[in-house]
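See below for the structure under consideration.
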Amino acid sequence: MIQNSGRIISKQFTRSEIYELVLELPELARVAQPGHFLHLLIGETPGVMLRRPLSLAGVEGHQVRLLVRRVGAGTQALAQVSADTRMDALGPLEPDEMAPIFI
């Protein structure tokens with residue numbers, strides 16, 4: 001598992017509750033594949049203390065692509081984050097490795 005800090009390259013809403021995030025995470029992107037998971041730290045958001053597990057929709061070069069649906073406080077807070085914001089990620093994890101991670 002790799003801890004990688006990178007920035008949001010783009011955020012685009014595909015529907016009102018679904019958005020696509022493209023993050024520049026070079027070390028993680030080197031070994032990640034679509035279907036793997038990463039644990040994303042949302043940041044200094046009240047009520048959102050733990051990382052959120054998100055599945056990778058795609059990997060290209062140094063970038064990973066996520067499709068996220070707003071369903072709770074964490075994904076709602078992530079929807080408010082703007083491009084160029086730095087994020088911290090842990091991963092990649094395969095689906096069978098998705099045991100709870102306590103930080």
Once you place label points 7 Å from the Cα toward the Cβ at ARG7 and ALA73, how far apart are they in nm?
3.0 nm
At 1.4 Å probe radius, can you tell me the per residue accessible area of the chain in Å²?
58 Å²
Nitroxide proxy distance, nm - points 7 Å out along Cα→Cβ at VAL31 and SER16
4.2 nm
Based on DSSP H runs of at least 4 residues, each adding -39500 (n - 2.57), what is the mean residue ellipticity at 222 nm of the chain after dividing by all its residues, to the nearest 500 deg cm²/dmol?
-3000 deg cm²/dmol
Placing each pseudo-label 7 Å from Cα in the direction of the beta carbon, ALA57 and THR85 end up separated by a distance in nanometres of 1.7 nm
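Leaving ligands, DNA and RNA out of it, report the carbon-plus-sulfur percent of the accessible area of the chain at a 1.4 Å probe.
Working: 3050 of 5970 Å².
With neighbouring chains kept in place, the figure for the chain is 51 percent.
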Quick one: Cα convex hull volume of the chain, Å³ per residue?
94 Å³
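The values are calculated or read from the model by the stated rules, or taken from the named source; none is laboratory data. Everything numeric in this text was worked out from a predicted model, so none of it was measured. Here Cβ is always computed from backbone atoms with ideal geometry, including for glycine, and neighbour counts include all displayed protein chains. Remember, those area values only see protein heavy atoms, side chains included, never the ligands or the DNA or RNA. Shrake-Rupley method; radii C 1.70, N 1.55, O 1.52, S 1.80 Å.
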